Ligand SMILES: Cc1ncc(COP(=O)(O)O)c(C=O)c1O
């Protein structure tokens, strides 16, 4: 690890993250009716480009990279790849993105990958079977060679490993005294694993998986063991709100997200955030939260491409 005085240490504080992230109480009749207070933990306001859980998960990696090229992995629309590319530009680090899908190499770049390239990221496309085996040492070594980045600092897919999970503990600490339940959407489960540890045993951490499969409990336990030496906090997962899997949606979910944006004036990221918000409204309507309790939803991301800037005063200023 580097120290702030180490010349190889990137100047993360110089990026002026807004931490602790703002907490906003919103008035929503669907929660009011059940006597539940509803809070939004605006991690999407931490930094304009290292948004939400990206800041919490990437910052420890960027420090640990000590100025080396940062290589990481993602799909064609990966929020994580875009955030890593942006971090590279902001901090003067070289970045390489290993992209799932060899066929994408010969197609025009989608807006997400085009943004990565504009931010200076070098893309390296691999077929899906190699991508699946990317954590195996021989496959990884071959990938690093092929990408011309043998000395690179490797950040796992989604940024999730012990270091990142420890980075997410602060999210839980920021919510520990203000909520009875804190909910977050889960991909790899790293954000939930860290948040639950920071919340401690009094506050329930609720994870809403956006992928189908039911494998997350094992992954979250493994991440907590790697990060903290064993299970931490009181967490659980509710598997009913993935809407068919990653990036899948339904007209009902789209309508819900649009309605939420209109009611509360906040942009709703569709892959993750829409699903956790939908889940919380559904749970409130099932009377799953005791009357008098406080429920917080973590807003872990922002839609991409970013929506047009709202008129002054239209954004809540928590
Ligand atoms: C906006 C957003 N929210 C939530 C998550 C889920 O995070 P995790 O992979 O730590 O479960 C991701 C994925 O990185 C994300 O991009």
> If the Cβ limit is 9 Å and pairs must be 6+ apart or interchain, which residue in segment 201-213 that is under 14 Å from residue 242 (Cβ atoms) and modelled with pLDDT of 95 or more pairs with which residue that is in a loop (DSSP other than H, G, I, E, B) and within 9 Å of the ligand (Cβ to nearest atom)?
Replying inline: 207/189; 208/272; 209/187; 209/189; 210/187; 210/271; 210/272
> Which residues, counting only those in segment 8-41, are within 20 Å of residue 159 (Cβ to Cβ) and in contact with a strand residue (DSSP E or B) (Cβ under 8 Å, 6 or more places away or on another chain)?
Replying inline: 21, 41
> Out of (1) surrounded by fewer than 24 Cβ atoms within 10 Å (Cβ to Cβ); (2) within 16 Å of the ligand (Cβ to nearest atom); (3) at negative phi, what's the single condition that is false for residue 137?
Replying inline: (2)
>> residue 164 - would you say it is part of a helix (DSSP H, G or I) and surrounded by 23 or more Cβ atoms within 10 Å (Cβ to Cβ)?
In response: yes
> Which one of these is at pLDDT 95 or above and under 16 Å from residue 143 (Cβ atoms): 90, 58, 71, 62?
Replying inline: 71
> Taking into account only those residues within segment 200-214 that are within 15 Å of residue 296 (Cβ to Cβ) and within 15 Å of the ligand (Cβ to nearest atom), which is surrounded by the most Cβ atoms within 10 Å (Cβ to Cβ)?
Replying inline: 205
> Considering segment 215-246 alone, what residues qualify as being under 19 Å from the mean Cα position of the chain (by Cα), surrounded by 14 or more Cβ atoms within 10 Å (Cβ to Cβ) and part of a loop (DSSP other than H, G, I, E, B)?
Replying inline: 238, 242, 243, 246
> Which condition breaks for residue 182 when tested against (1) surrounded by fewer than 21 Cβ atoms within 10 Å (Cβ to Cβ); (2) touching a strand residue (DSSP E or B) at 6+ places or on another chain (Cβ under 6 Å)?
Replying inline: (1)
>> Which condition from (1) loosely packed, with under 15 Cβ neighbours inside 10 Å; (2) touching a strand residue (DSSP E or B) at 6+ places or on another chain (Cβ under 9 Å) is the one that residue 145 breaks?
In response: (2)
> Which residue pairs have Cβ atoms under 8 Å apart, sit 6 or more places apart or on different chains, and have a first residue in segment 177-199 that is free of Cβ contacts under 8 Å to residues at least 40 places away in the same chain and over 17 Å from residue 300 (Cα atoms) and a second that is more than 13 Å from the ligand (Cβ to nearest atom) and part of a loop (DSSP other than H, G, I, E, B)?
Replying inline: 197/232; 197/233
>> I'm trying to understand the selection: among the residues of segment 173-194, which are more than 9 Å from the ligand (Cβ to nearest atom), part of a helix (DSSP H, G or I) and closer than 16 Å to residue 40 by Cβ?
In response: 174, 175
> Counting residues that are surrounded by fewer than 19 Cβ atoms within 10 Å (Cβ to Cβ) and within 16 Å of the ligand (Cβ to nearest atom), which helices (runs of 4 or more DSSP H) fully inside segment 18-111 reach at least 3?
Replying inline: none
>> Name the residue that is surrounded by the most Cβ atoms within 10 Å (Cβ to Cβ), counting only residues in segment 284-300 that are in contact with a helix residue (DSSP H, G or I) (Cβ under 9 Å, 6 or more places away or on another chain) and more than 25 Å from residue 19 (Cβ to Cβ).
In response: 289
>> On the basis of being within 16 Å of the ligand (Cβ to nearest atom) and either surrounded by fewer than 22 Cβ atoms within 10 Å (Cβ to Cβ) or farther than 26 Å from residue 20 by Cβ (or both), does residue 125 make the cut?
In response: no
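The values are calculated or read from the model by the stated rules, or taken from the named source; none is laboratory data. The structure displayed is predicted, hence computed values, not measured ones. No Cβ is skipped: glycine too gets one built from the backbone with ideal geometry, and neighbour counts run over all protein chains shown.
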